[in-house]
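Remarks on the structure that follows.
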Amino acid sequence: MEEQIKMALEVRNLAHAKKYKVGAVLKTKSGKLYTGCNVDNQGIQSICAERTAFVKAISEGESEFESILIVGGNINKDKLDRCLPCGYCRQFMSEFVNDDFKIFCYDGNEVFEYTMGELLPNSFKL
């Protein structure tokens with residue numbers, strides 16, 4: 001987990017955001033890691049770190065995922081928040097993972113663990 005925290009903090013620095021920067025590390029079932037950061041713009045087409053990591057992995061042919069680690073916080077504060085995926089990201093991720101998929105959030109001191117089923121108990125699936 002330490003390697004993933006380091007990677008998430010590094011990729012968070014690449015985020016294109018005016019107020020809130022997020023970094024994420026997606027782990028596949030084979031152990032491969034994919035990073036993502038949020039890319040905000042003035043319109044409604046911003047993309048979150050979680051979706052960035054998933055899109056990178058999926059575009060590389062990955063389809064089985066184990067977990068994601070998320071770090072985020074306001075750039076004007078010295079500490080991280082317990083940054084959870086937004087509703088859009090929860091629904092997006094749920095289409096590629098099972099309810100037991102692990103979501104980890106790191107606030108600078110502690111790692112918090114959730115499952116997809118806990119964060120989105122009634123996801124829409126076709």
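Read-outs: derived from the displayed coordinates by stated rules, not from any lab. On a predicted model such as this, the values are computed, not experimentally measured, just so you know. For neighbour counting, all protein chains shown are included, and Cβ atoms are generated from backbone atoms with ideal geometry for every residue, glycine included.
Details
- Search result, residues across the stretch 72-103 that are aliphatic (A, V, I, L, M), touching an Asp or Glu at 6+ places or on another chain (Cβ under 8 Å) and within 18 Å of LEU33 (Cβ to Cβ): MET93, ILE103
- When residues of the stretch 67-100 are limited to those that are in a loop (DSSP other than H, G, I, E, B) and polar (S, T, N, Q), the one surrounded by the fewest Cβ atoms within 10 Å (Cβ to Cβ): ASN76
- Annotation note: of GLY72, GLY61, GLY43, the sole residue that is small (Gly, Ala, Ser) and touching a residue at least 60 places away in the same chain (Cβ under 8 Å) is GLY72.
- Residues of the stretch 16-50 that turn out to be out of contact with any Lys or Arg (no Cβ under 7 Å at 6 or more places or on another chain), of a type in the set (A, V, I, L, M) and outside any loop (DSSP other than H, G, I, E, B), as a count: 6
- Any hit, the stretch 12-22, residues being touching a Gly at 6+ places or on another chain (Cβ under 7 Å), within 21 Å of GLY117 (Cβ to Cβ) and surrounded by 21 or more Cβ atoms within 10 Å (Cβ to Cβ): no
- Taking the conditions (1) free of Cβ contacts under 8 Å to residues at least 60 places away in the same chain; (2) closer than 17 Å to ILE5 by Cα; (3) part of a loop (DSSP other than H, G, I, E, B); (4) not charged (D, E, K, R) in turn, ALA53 satisfies each one other than (3).
- Counting the residues of the stretch 57-89 that are of a type in the set (A, V, I, L, M) and within 19 Å of GLU3 (Cα to Cα) gives 6.
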